[in-house]
Amino acid sequence: MEPPCKQPRISAQSTPKDVSELVTPCYIGYKSVIQRNSERMLQRAKQLGCQLRPHMKTHKTIQGGVLATDGTKRCITVSTLAEAEFYADAGFEDICYAVPITAEKLPRAAQLHERCLFHVCVDHPQAVEALCQSKANKPWSVFLMVDCGYGRDGVDVKDPTSVQLAQRLASSKGTRLAGLYTHGGHSYDASQGIEAVRAVAQQEAEAVAAFARTLRGKPYCLEVPIVGVGSTPTCSNPPNQFPSEVTEMHPGNYIYYDTMQQALGSCSEEDIAVRVLTRVIGAYERRNLLLVDMGWTACSKQGEDQNFGRLEGHPELKVVGLKQEAGLISSRDGSPIDFAQFPLGTLLRLEPYHSCAHTKQHDKIYILDEDRCTVLHTWPICRRGFTSEAARRGAALVGQENNDRSPPRRWVWLWPVLLAGLAVLWMTSKLPALTTSSNTSLLMESNDLPSTSETTTAVTREMTTFYMYRAQSDNDYDFQNVNAANLAGVMWYLEHEVVFAQCPRHYNITRILRYKVSMKTPEKFNHNFSQFWAYDKGMCTSPACGGDYAQHGFNVGCQYEVVSVYPGAVWYSLPGECPTTPLVAKGKHCKHLMPGGRCDRPTGEKNCTWSAQKAGAIEISELEGIYNWTDFCKQHGNEYILPFWDGRGDAVHMKKRLRKVLELFHSKYPDEPVDLEDREGGGDVRPKTMTPYNTFPEADDEKAILPLAPGKQRRMNLNALAIAVNLLLPWCVFCFVCCTLSFSWHYQAPMLAWSTVLLGLMLAAFTAKLAACSEETDPKWYAFFSFAIAAAVLAAAACGEFNYRTYNVAAYDLKNMNAYPDVNPATKGQQLMDAGRLYFVDGSALDLKKAMSFKNDDTYCVAPIILGKDQMASYDFWAVGVNCCPGQSPDFRCGEYNNAHARAGLRLMSDVERPFYRLAVQQAEAAYNIRTEHPMFFHWVQDPVALTNEWISDGHRQWISRGLRPLSVLLGRSRSARKMK
């Protein structure tokens, strides 16, 4: 009968605790039954002298795989590549893809082949040739499928071409014959009971064993390491003994069983471990039918003639039909149903006819406790031949339930994107005034406002008029949403950013434009100027400017003393329509919401704070005395040779250049004043009395009104974005270079990995050159950036190389070496010199009585790997460790020496340690009178794949921890730099 669980209810909990809380239809399993079925088959395989290679296609869960492999997570069978990837992601090893492979699946299979010990199956010459000719990094491990009478797949053992396929696999450099694989599927057709099933099992085993003897015998003499047989019926009721050639059995359905297996005699009803849980959603007494929410989307239509299975605890009922989302239940003998027993919401459990097909309909299975009511776990299912979201989460869940660690994911390609974005930010924030384009020519400044050292606290509310200047190409642009400057700023810009040692000029600058600007700030704004904002392409480059304009109005921005070579230089920002929108995107709606500050006559309203009109223009060639620019460039190519540019950086020559510009403007526009000092409308409020934004010099502070001494500068407000970028970019470079040198890039493409170091040093050299050429003295961001980048690259190179050599290179080497299952310790070591991982046969162990050590600063410990107690001809496989045999020999405590499940070896890759282990083995030979021909050294473990993944995980942890150190160092340097300023 159905267990007496709680009353059915719908729960809002995210994790149901009782079966009554589950949303139906769903799939449930009984944990105790699953464990019992798994343990029974493991014991049966051991009694038959076989290795169990359980098939995963029935349950498709990580947790079921762990139970089926007795916790070893190795030696499994799958039916799809998606299943193989699912289990490989969870750390499973020695996976057999038991479906004939074809050429188009090889690229996907190759990825599995590189990651773990992975076998493929073939039974056709074309597939064999595709494997032999593929360009894999190591030979494919291939099973030849054999038809034992089932007639579905496999080669005909009586056909001579079958032997030829085996020879081709054994002789090709691209393949290795792993063994023979057969499936006795015709046991499902045995209708004469258990004895008929045993007869099929005997015939299956003898057929494949005979073919193995043929291949091993003369004249072929092929190695056939593995001979696998089995289906759930033949493995549940096997013959008393398999032929000696049979080494593996691969049933799958046994972990769940079903009513079909019960009919075949494979199990009893108590052994059926899974159910489809459904609820009654309708009752129709006149038709003698119950309606449940289980349709063929939750319950396979296979077994329709057997009523799709059996309703647990209700032998009087049967499922008579399935629609897509609903099913019909009636009485088995036609008698009236007792509808009082089945009110709406009643839970029913269907024992499936074929559990493999039912599993396929679900993406998870709820595992119940002994009481069959309490929900213990949710096992994700790898569903429908692809990895669903729930299945992907299964690999993560296995780490929680089975303490496994899957390989970490590396987002290496995120770093170049981050670096590129930060580089753009740094270049745009290096100097707030350096923004230019063909659409909005470069910002320049006016000579009529002095530096902050000459300002006072006066704030004027009346309109003030003065000159602003811009350096511009021959193209004309609207004078709004741009930056401008005083004449000192223009000249600094021309001297350092436009006129280079080689023609042509930067940005095609040809002239200096002069504008007469009038401005008046709002009454509630306590400054004459707003904060300065840089503009590019008609748009403010900082997202914060919109909030400033909304709060204070569209005021002209001002920034003093950005540069030092032309004292008194000032930068301006002139907000116009839609200042936060790119030039090409400004529309009517935007202009209505953000009209800007430009108007015909400033009134002091937030959207009418400044006006501008052209007040003349001069050509740079006029200043230089050049009248044919094209010819000059062809003949000389260096504008700095002209007398106008003599004495770069010299204060006297700079004043001469400024005077010459003013004289040229006056000669061309004699009606315009040379300087505009008086407020429009009369009065005597000069621009030098105006207070810029965030400048509050004291009136009685003599230093605030006196010019600074030559060569000295007032400390400026540092650009926060520039500070952040100059710290973060070197840190990102460090992380990226260290990452490329620490992990797989270094292993797969060392030249490419080391080229990142070269690129980083080139970047540092380039910025160092900019620092040397620049005449800035405050702040020296180029110099700081160059030093920080160089230090980050060199530190990253050392860090990455250490990380790579210490943690990762051995793991990558081992993953590219072969793995061999079922190795007898008596095998000659010379036959397995290309092995990275060895899985020894059951019964293999360490002979701790023959342990030995050799001391050379460190103590190098060895112990032979043996099978049984008999003396072996040659002891070629040795477990090793450093400083793990503290007592007198023999005293070996290295690796998992005390783990009863450990019987695998991970190859020692250290060339430094290997000679000392050889000396220890030589001492063991002399002490114990044993012989070693080709000693091979291994770390003794249960799961070698988990150990290699652990090494790589350690490398990632070291990379993360080291990545945080330079950031703290850079932050410390930044604080020191700011104090120096």
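The table below lists the values:
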| item | result |
| --- | --- |
| Residue within segment 120-136 that is at pLDDT below 95, touching a Leu at 6+ places or on another chain (Cβ under 6 Å) and part of a loop (DSSP other than H, G, I, E, B) present | yes |
| Selection count where residues are out of contact with any helix residue (DSSP H, G or I) (no Cβ under 9 Å at 6 or more places or on another chain) and of a type in the set (D, E), scope segment 875-929 | 4 |
| Residue in segment 582-604 that is in contact with a Pro (Cβ under 7 Å, 6 or more places away or on another chain), basic (K, R), open to solvent by 40 Å² or more (accessible area, probe 1.4 Å) and more than 28 Å from L494 (Cβ to Cβ) present | no |
| Residue match in segment 171-186 (condition: more than 20 Å from C267 (Cβ to Cβ), part of a strand (DSSP E or B) and out of contact with any Pro (no Cβ under 9 Å at 6 or more places or on another chain)) | yes |
| Scan of segment 822-839 for residues that are touching a residue at least 12 places away in the same chain (Cβ under 8 Å) and over 23 Å from Y928 (Cα atoms), ordered by number | D822, V823, L832, M833, D834, A835, G836, R837, L838, Y839 |
| Residue in segment 651-660 that is modelled with pLDDT under 85 and among the β-branched types (V, I, T) present | yes |
| Among residues of segment 853-892, those that are under 27 Å from D822 (Cβ atoms) and either acidic (D, E) or in a loop (DSSP other than H, G, I, E, B) (or both), counted | 10 |
| Residue ID - least open to solvent (accessible area, probe 1.4 Å), chosen from residues in segment 342-379 that are closer than 20 Å to K301 by Cβ and assigned to a loop (DSSP other than H, G, I, E, B) | H362 |
| Evaluation of K614 against (1) within 58 Å of the chain's Cα centre (by Cα); (2) surrounded by 16 or more Cβ atoms within 10 Å (Cβ to Cβ) (one fails), failing number | (2) |
| Per-region count, segment 207-247, residues over 26 Å from R176 (Cβ atoms) and either among the β-branched types (V, I, T) or open to solvent by 30 Å² or more (accessible area, probe 1.4 Å) (or both) | 4 |
| Selection status of R918, in a loop (DSSP other than H, G, I, E, B) and either of a type in the set (V, I, T) or surrounded by fewer than 21 Cβ atoms within 10 Å (Cβ to Cβ) (or both) | no |
| Q923 vs. criteria over 22 Å from L729 (Cα atoms) and either at pLDDT below 80 or part of a helix (DSSP H, G or I) (or both) | yes |
| Matching option when the condition is open to solvent by 40 Å² or more (accessible area, probe 1.4 Å) and more than 17 Å from Y928 (Cα to Cα), among D857, D870 | D857 |
| In segment 244-278, the residues that are within 20 Å of E195 (Cα to Cα) and of a type in the set (F, W, Y) | Y254, Y257 |
| Tally of residues being more than 28 Å from D156 (Cα to Cα) and surrounded by 15 or more Cβ atoms within 10 Å (Cβ to Cβ) across segment 112-136 | 3 |
| Qualifying residue in segment 901-912 (condition: farther than 27 Å from N949 by Cβ, of a type outside the set (D, E) and open to solvent by 40 Å² or more (accessible area, probe 1.4 Å)) | no |
| Matching residues in segment 146-180 - criterion: being in contact with a Ser or Thr (Cβ under 7 Å, 6 or more places away or on another chain) and within 16 Å of A109 (Cβ to Cβ) | L169, G174, R176, A178 |
| Residue satisfying all of: in segment 534-546; open to solvent by less than 50 Å² (accessible area, probe 1.4 Å) and more than 11 Å from N481 (Cα to Cα); modelled with the highest pLDDT among these | C545 |
| Answer from K634, K660, K656 - the residue that is in a helix (DSSP H, G or I), farther than 24 Å from N508 by Cβ and either open to solvent by less than 30 Å² (accessible area, probe 1.4 Å) or among the basic types (K, R) (or both) | K656 |
| Total residues in segment 877-903, condition within 20 Å of Y839 (Cα to Cα) and touching an Asp or Glu at 6+ places or on another chain (Cβ under 6 Å) | 1 |
| Unique match (being over 30 Å from Y839 (Cα atoms), modelled with pLDDT of 85 or more, touching a Phe, Trp or Tyr at 6+ places or on another chain (Cβ under 9 Å) and open to solvent by 50 Å² or more (accessible area, probe 1.4 Å)) among L752, L794 | L752 |
| Selection from segment 153-185 of residues that are closer than 20 Å to G252 by Cβ and either of a type in the set (S, T, Y) or in contact with a Gly (Cβ under 6 Å, 6 or more places away or on another chain) (or both) | Y181, T182 |
| Out of E672, E619, E663, sole residue that is in contact with a Ser or Thr (Cβ under 7 Å, 6 or more places away or on another chain), modelled with pLDDT of 85 or more and not polar (S, T, N, Q) | E619 |
| Residue within segment 519-533 that is of a type in the set (V, I, T) and either closer than 13 Å to N483 by Cβ or outside any loop (DSSP other than H, G, I, E, B) (or both) present | no |
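The values are calculated or read from the model by the stated rules, or taken from the named source; none is laboratory data. Note that the structure is a prediction, hence the values are computed from the model and not measured. Here the Cβ is made from the backbone with ideal geometry for all residues, glycine too, and neighbour counts use every protein chain on show. Areas reflect the complete protein model, heavy atoms only, side chains present, ligands, DNA and RNA absent. Shrake-Rupley method; radii C 1.70, N 1.55, O 1.52, S 1.80 Å.
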